[in-house]
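What follows is a short report on a single structure.
The values are calculated or read from the model by the stated rules, or taken from the named source; none is laboratory data. Being a predicted model, the structure only gives us computed values, none of them experimental. Reconstructed Cβ throughout: ideal geometry from the backbone, glycine too, with neighbour counts over all protein chains shown. We work out accessible area using only protein heavy atoms, side chains counted, and drop any ligands, DNA or RNA first. Shrake-Rupley method; radii C 1.70, N 1.55, O 1.52, S 1.80 Å.
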Amino acid sequence: MERIGKELAELRQTVFSRFGIPLVISKSPLRLTELGKTVSEELAAQAWVESVANTLNEKVKGKDAYEIQDFCFEYVENTDQYSNEERQAIWNTTYKRGIKAEDVRQVLAIELRDKLLKNAELEAPEESQEA
């Protein structure tokens, strides 16, 4: 049994290194996986969202849900807008989890999207985190 456990652990590592570990699942709408939820908590994504959402409400005014989602994915890729502490948190998470910074920013985009949809009084996903 011990040998089988080791072999399964090696297989899991091989699969994760080859195919990556998804943080976002492509259900409609996009949702965070359990790992995505963990990354969100590690980054204190909700606090970041609260700090930027009010400045973005005007930029998404009149947009539909898809356009807001698209805006959020573009917005998080502008790395100049992050403070040094936020950049460091993203880098620490990517290093700790063995994932790409782009994947971490996708988590931020999903969290930001939900907040902006709510602020725009559009139908936000009840739960953007996979159950």
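Scanning the range 52-80 for residues that are polar (S, T, N, Q), loosely packed, with under 12 Cβ neighbours inside 10 Å and under 18 Å from ILE110 (Cβ atoms) returns ASN78, THR79. As for the range 38-50, it holds at least one residue that is acidic (Asp, Glu), touching a Ser or Thr at 6+ places or on another chain (Cβ under 7 Å) and either at pLDDT 95 or above or open to solvent by less than 100 Å² (accessible area, probe 1.4 Å) (or both). Of the residues examined, LEU32 is not one that is at pLDDT 95 or above and out of contact with any Asp or Glu (no Cβ under 6 Å at 6 or more places or on another chain).
The number of residues in the range 81-99 that are in contact with a helix residue (DSSP H, G or I) (Cβ under 6 Å, 6 or more places away or on another chain) and either open to solvent by 50 Å² or more (accessible area, probe 1.4 Å) or within 15 Å of LEU112 (Cα to Cα) (or both) comes to 0.
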